[in-house]
Amino acid sequence: MGLKLVDEFLNGLKLFEPQLYQDQRGFFMETFRADEFEKFGLPIYFPQDNHSGSFKNTFRGLHFQWDKPQGKLIRVIHGSADFFEVDIRANSPTKGQHVKLTLSAENKKILWVPPGFANGFLATSDWCEVFYKCSAIYNPNSEQTIRWNSPELNINLHCKNPILSEKDSKAITFNEWMQSEIAKTEWYKTNN
């Protein structure tokens, strides 16, 4: 067994720990195995891989796309980051709730974020690299960003002035998203 399920959160998030093989040369681990993911009911087809590098106190998020919603299999390969996952599924009993999880190159944990979550992270090391597999191809026409400091989410980054992209600094609030025409459609409710 290459991956061990460590914990589950908000009716869908899954945290995995890979089995680590270490010797005098270093280490080896499996970060993805289709047969094991199938056993957990997770997708085994990931048509896109993404890799980002961020300076300390950079916050990326809270991102998602609504047409071809993306699930993400995330790990930190250098440094550390605090991940904030917000349930935005219209019919979810945990809608509007979030969880904070720390992933690092040291702890080697792997996080599955299913479609229907807004994903964001704060780089907590001087330099942080995040690698993630996506269950759907990026669609710029359906991407959306929710402000990390939406009052209704009550997220505490423990960072007074996070470094944001222009897009992230102009993001809408959680309530604005939930009141949007797209979030109210039956299509969105059925697909998230």
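Of note:
- Pick from the stretch 162-192, criterion at pLDDT 95 or above and in a loop (DSSP other than H, G, I, E, B), ranking: surrounded by the fewest Cβ atoms within 10 Å (Cβ to Cβ): K170
- Cβ pairs under 6 Å, 6+ apart, first in the stretch 42-55 and free of Cβ contacts under 8 Å to residues at least 60 places away in the same chain, second of a type in the set (D, E, K, R): I44/E38
- Comparison of A81, A123, A118 shows that the only residue that is modelled with pLDDT of 95 or more, of a type in the set (A, V, I, L, M), within 15 Å of A171 (Cα to Cα) and buried (at least 23 other Cβ atoms within 10 Å of the Cβ) is A118.
- Number of the exception - P114 against (1) within 15 Å of the chain's Cα centre (by Cα); (2) free of Cβ contacts under 8 Å to residues at least 60 places away in the same chain: (2)
- Of note, K68 does not satisfy the criterion of being of a type in the set (K, R), surrounded by 14 or more Cβ atoms within 10 Å (Cβ to Cβ) and closer than 30 Å to C159 by Cα.
- Pair list, Cβ < 6 Å and 6+ apart or interchain, from the stretch 163-190 residues that are farther than 19 Å from T94 by Cα to residues that are among the aliphatic types (A, V, I, L, M): A171/I146
- Number of the condition not met by P151 [criteria: (1) in contact (Cβ under 8 Å) with a residue 24 or more places away in the chain; (2) assigned to a loop (DSSP other than H, G, I, E, B)]: (1)
- K108 in contact (Cβ under 8 Å) with a residue 60 or more places away in the chain, assigned to a loop (DSSP other than H, G, I, E, B) and of a type in the set (K, R): yes
The values are calculated or read from the model by the stated rules, or taken from the named source; none is laboratory data. As the structure is a computational prediction, the values presented were derived from the model and not from experiment. Reconstructed Cβ throughout: ideal geometry from the backbone, glycine too, with neighbour counts over all protein chains shown.
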